[in-house]
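Student: Please read through the structure below; I'll follow up with questions.
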Amino acid sequence: MNTIYVLWLRQLKRYIRSKTRIIGALGQPLLFMLALGFGFGPIYSKAGQGNYFQFLVPGIISQSILFTALFNGIEVIWDRQFGFLKETLVAPVSRLNIVIGRTLGGATIATFQGLIVFLLSLIFGFKPQSFSHFLLAFIIMFLIALLFTAIGTAIASLLDDMHGFQLIMNFLVMPLFFLSGALFPLQGLPPAIKVVASLNPLSFGVDGLRAALINVSTYGLFPDLIILIVLSTIALSIGSYLFSKIQL
């Protein structure tokens, strides 16, 4: 447990020291939230669907968490190239504890990034259905972060090149985001798109967060939570296995 805590704390210290990283990670979510939220708002309202900004914010929070969580895996490659990972792996501790500590640290950072976007959305006019549901929303944020941090770690464990990792991430991130229902309702879509969305793990995170914050859901809050927990456990297990096979 001490190893997990140390690695978790190390990840947080890295994040806090990198003020540029914190500010830079907010640029794209804010752009999407403001440009799309207020730009498409009148069209969404005329279509009889209500307030688009309210609908959009949970999706943008999920986007912020997704980007930060997945790209956290690059630190595995960074540490491997500069020798820091070797120092960790030769220590007399379980590699499972190492990967759990790193994953929890990355998930905490991604969740914190999502919380910042949530607070900014309140400034711009977002109104959650009830602040009493915030704890539930926080749990869903953390599950999204844990799931995609584990996926990022698993992918990074197979690579030793930063550029290759970035290419794979860029290939994954946009389809995951755009086909999750973050920007549009999943009802009434062509069957093929519905199937793809139902296979997208982010869809359940967006749907669960939307259910907790504005009481709008496609799959149901309880199924969203169960699926996120199961997927996070599977991703963490796979990430741990692949990380244990890293050759230095």
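Student: Suppose the filter is at pLDDT 90 or above and either among the aromatic types (Phe, Trp, Tyr) or closer than 13 Å to LEU66 by Cβ (or both); does PHE134 pass it?
Tutor: no
Student: Kindly indicate which of GLY188, GLY125 is surrounded by fewer than 16 Cβ atoms within 10 Å (Cβ to Cβ), without any contact (Cβ under 8 Å) to a residue 24 or more places away in the chain and assigned to a loop (DSSP other than H, G, I, E, B). Don't jump to the end; show me each part of the working.
Tutor: Numbers: GLY125 fails: without any contact (Cβ under 8 Å) to a residue 24 or more places away in the chain.
Only one candidate qualifies: GLY188.
Student: Which condition breaks for GLY101 when tested against (1) touching a Leu at 6+ places or on another chain (Cβ under 9 Å); (2) farther than 14 Å from GLY152 by Cβ; (3) surrounded by fewer than 23 Cβ atoms within 10 Å (Cβ to Cβ); (4) modelled with pLDDT of 70 or more?
Tutor: So the condition that GLY101 fails would be (3).
Student: Does ALA182 count as under 25 Å from THR103 (Cα atoms), small (Gly, Ala, Ser) and at pLDDT below 90? Talk me through it step by step, then tell me what you get.
Tutor: Values: under 25 Å from THR103 (Cα atoms): yes; small (Gly, Ala, Ser): yes; at pLDDT below 90: yes.
Answer is yes for this residue.
Student: Looking at (1) touching a Ser or Thr at 6+ places or on another chain (Cβ under 7 Å); (2) farther than 19 Å from TYR44 by Cβ; (3) buried (at least 19 other Cβ atoms within 10 Å of the Cβ); (4) among the β-branched types (Val, Ile, Thr), which is the only condition VAL206 fails?
Tutor: (2)
Student: For region 138-150, which residues satisfy the criterion of being buried (at least 24 other Cβ atoms within 10 Å of the Cβ) and not polar (S, T, N, Q)?
Tutor: The first filter runs over region 138-150 and keeps only residues buried (at least 24 other Cβ atoms within 10 Å of the Cβ), leaving 140-141, 143-150.
Listed by number, the residues that qualify are ILE140, MET141, LEU143, ILE144, ALA145, LEU146, LEU147, PHE148, ALA150.
Student: While we're on this one: Residue under question is SER232, and the condition is that it be under 17 Å from the mean Cα position of the chain (by Cα) and touching a residue at least 24 places away in the same chain (Cβ under 8 Å); does it hold?
Tutor: Answer is yes for this residue.
Student: Do you know which residues across region 209-222 are surrounded by fewer than 24 Cβ atoms within 10 Å (Cβ to Cβ) and part of a helix (DSSP H, G or I)? Full working, then the answer.
Tutor: Keep residues of region 209-222 that are surrounded by fewer than 24 Cβ atoms within 10 Å (Cβ to Cβ), which gives 214-222.
Answer for region 209-222, where residues must be surrounded by fewer than 24 Cβ atoms within 10 Å (Cβ to Cβ) and part of a helix (DSSP H, G or I): ILE214, LEU221, PHE222.
The values are calculated or read from the model by the stated rules, or taken from the named source; none is laboratory data. Keep in mind that this is a model prediction, so the values were computed, not measured. Note: ideal-geometry Cβ built from the backbone for every residue, glycine included; neighbour counts use all protein chains shown.
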